[in-house]
Structure formats: C-alpha cells, structure tokens
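Colleague: What follows is a structure written as structure tokens; I'll ask about it next.
Where a number appears in this text, it was derived from the coordinates with a stated rule and is not lab data. Quick caveat, the model's predicted, so the values are computed rather than measured. Cβ atoms come from the backbone with ideal geometry, glycine included; neighbour counts cover every protein chain shown.
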Amino acid sequence: MAWWFKHKEGGEKPRKGLTTEGLWVKCEACKEIVYKAELERNARVCPKCRAPFRISARERLTMLVDEGSFEERDAGLRPLDPLGFKDTKRYRERLRGAKEKTGLEEAVISGVARIGGYVVVIAVFEFGFLGGSMASVVGERLTRAIELSARKRWPLIIVAASGGARMQEGILSLMQMAKTSAALGRLAEERVPYITVLTDPTTGGVTASFASLGDVILAEPRALIGFAGPRVIAETIRQPLPEGFQRSEFLLDHGQVDCIVERKDLRETLRRLLAFFVEGPELPSLA
C-alpha cells in the first residue's frame, strides 16, 4: 500500500487499473464471498460449501459432451405469440428480451452429440430464458428429440432447469406435458435408454412430466426439485415442512431420484451409464 501513502503526501498518483470489481462473487447458499477464478476452476461449484451455481445451457453442453461433437437440431423452431398475451409487458417483448439476454431462440437446446464416444440425443434447458419455462416450441423441440432417439435408437439425455409451464401460452403450454410424456411412452416401448439430470431448479409442469420419467434420474447436489414451491405447500397443508424438503438429498432419501452427482463427476457418470446400456461406442456419423 506504499503507493497510497505517497499519493496522500502528494507524491505518486494511484496506479490505474487496480480494482477488485468482478473478481469476487457471493454464494447464495453459504453467503460466503468466493474468488471468481477459483469458482470457474471448480466447474462453478462453491469451493466452500460445494453448492452448484447456475450455469448456461452452452456451458453445460461444454462440460458434458465430447469436444466439438455437438450438432444442434431444430434450431429454426421459434416461439410465436398465439394468444396475443400481455401482462405488464407484451409476450413478444419478453421473448425479445430473453433472446438478447441468452443469445438463444428458446429455453432449450437440443441436438446430437457424443459422450465418451457414445452417440446420444441430448436436450439442455436454459434457465436464463424466461426461467427455462416450457411452452409450445420447447415441447416440440423435446418431442422431436425423443422421436429422433427412438428412430435412431440412440440414448436420450435431458438436463432440466425450469420453473414449469409458461403462463403466456396458457393451455398450449400445459399440453406440452402430455405431448412429451406420450412421446416418452413410445420411446420406452422401443426400449431406448432415457436419462434425466435434474438441476436447480426443476419445478412445476416439467417435474410433473418428462423430468420424472427417466429410466435413470440423476440430480445435482442441493437442487430444488418439486411441483409447487415449499411456501405454497406449507400454506396449503398448514404444517411445517421437514428440513431440506424438495432438495435433491431429501428426494434421494425418499426414492424419487436414483443418484446425486457432483458436477465435476457428471460427464463420467453419464459415460458409465451409457457403457452399461449400450454395447459399444457408435462409429457412424451423426447424420
């Protein structure tokens, strides 16, 4: 700090560029201040309490799939405003803002990739796009991914992060629950493996439909998973809720998820599951 005292005495001026802004972030779980570079090295998991920070769909894909293997499908499907919906803002304006914020056209990215050499159909939710809410295009992208999985007999992986059905499309959003579930029923008939990964948060109609239908259901630590929120449930039943209610650890104890996997171990866990379900890595192209 010698430079500061020199400045106070009229000597050297303070050095430019010395700032800590943006170097530290606060963990909402333990409330500790974490060095951002250390957080990035730790796959955006708090090094103090091991609580995962939310990450984007693109970051998730980079962590999970073999480098350069992801090929996006159905990117041309874009949402409209079928009901001409308006609350404090027009739905079209909300869609435009979400696109500018995330660089995506909708709340899910779907396509084909490889994990440990195994070909998979994968769909990853983007919570930053209107809370990862499920509407007509999200349901259609998921259904097409499921149908591709059934047709090619490639395992299906869906990484969920959602607040539920999107209110701005009303019943059209709610019908995506039945649509995706019916498609998964056909996938099950074909005996094609389906793995879900539940991240923070996975709630509402997403939890009540495809997210809970996996042959294997994985979850990240401390993820909020449920249909209605804890506060709504507590007010409805007028009873105190158990500690950790609706967190992934509570669901594991009650048999609603199969395994809790640390983010750094998720890719290898998926590879091992694929090795169990599939005879060997696919060699043909992903076309």
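Colleague: Say R0 is 22 Å: what FRET efficiency, to the nearest 0.05, do Tyr35 and Glu262 get from their beta-carbon distance? If you can, show how the numbers build up before the last one.
Modeller: Values: r = 20 Å, r/R0 = 0.90.
In this case the efficiency is close to 0.65.
Colleague: At most 15 other C-beta atoms within 10 Å and a DSSP loop state: those are the exposed GluC sites (Glu not before Pro) I care about. Give me the longest piece of the chain that has none.
Modeller: Details: sites that count: Glu9, Glu12, Glu21, Glu28, Glu32, Glu67, Glu190, Glu243, Glu262, Glu279.
By the stated rule (loop sites, at most 15 other Cβ atoms within 10 Å), 68-189.
Colleague: Using the alpha-carbon atoms, what tilt in degrees (0 to 90, nearest 10) does helix 91-102 show relative to the longest principal axis of the chain?
Modeller: Taking Cα atoms only, the helix is inclined about 60 degrees.
Colleague: Can you tell me what the convex hull of the Cα atoms of the range 124-166 projects to on average, as an area in nm²?
Modeller: Working: hull surface 11.2 nm².
Spelled out: convex hull of the Cα atoms, projected over all directions, averaged, 2.8 nm².
Colleague: Run through the range 59-109 and list the chymotrypsin sites (Phe, Trp or Tyr not before Pro) located in a DSSP loop whose Cβ has at most 10 other Cβ atoms within 10 Å. Numbers along the way, then the final one.
Modeller: Details: sites: Phe70, Phe85, Tyr91; in loops: Phe70, Phe85.
Within the range 59-109, no chymotrypsin sites (Phe, Trp or Tyr not before Pro) qualify (loop, at most 10 other Cβ atoms within 10 Å).
Colleague: I've got another one for you. Can you pull out the cysteines in the chain that have no other Cys Cβ under 4.7 Å?
Modeller: Cysteines lacking a close Cβ partner in the chain: Cys259.
Colleague: May I ask you to list the aspartates and glutamates whose Cα is less than 12 Å away from that of Lys86, ignoring any residue fewer than eight positions away on the same chain?
Modeller: Reachable aspartates and glutamates: Glu169.
Colleague: Okay, next question. Please return the longest stretch of the chain lacking exposed loop sites, where trypsin sites (Lys or Arg not before Pro) count only if DSSP places them in a loop and at most 10 other Cβ atoms lie within 10 Å.
Modeller: On the way: sites that count: Arg15, Lys16, Lys31, Arg191, Arg238.
Of all site-free stretches, the longest is 32-190.
Colleague: Name the aspartates and glutamates eligible as straight-distance cross-link partners of Lys101: C-alpha to C-alpha under 18 Å, and not fewer than 8 places from it in the same chain.
Modeller: Cα-Cα hits under 18 Å: Glu59, Glu93, Glu126.
Colleague: Output the 0 to 90 degree angle, nearest 10, between the alpha-carbon long axis of helix 263-277 and the longest principal axis computed from the alpha carbons of the chain.
Modeller: 20
Colleague: With the crude spin-label approximation of a point 7 Å out along Cα→Cβ, what separation in nm comes out for Arg96 versus Arg238?
Modeller: Using points 7 Å along Cα→Cβ, the separation is 4.8 nm.
Colleague: Once both axes come from the Cα atoms, what is the angle between helix 136-152 and the longest principal axis of the chain, in degrees from 0 to 90, rounded to 10?
Modeller: Between helix and principal axis, roughly 60 degrees.
Colleague: Return the label of the correct value of volume of the Cα convex hull per residue in Å³, as calculated from the structure shown, out of [x] 163; [y] 194; [z] 222.
Modeller: Correct label is [y].
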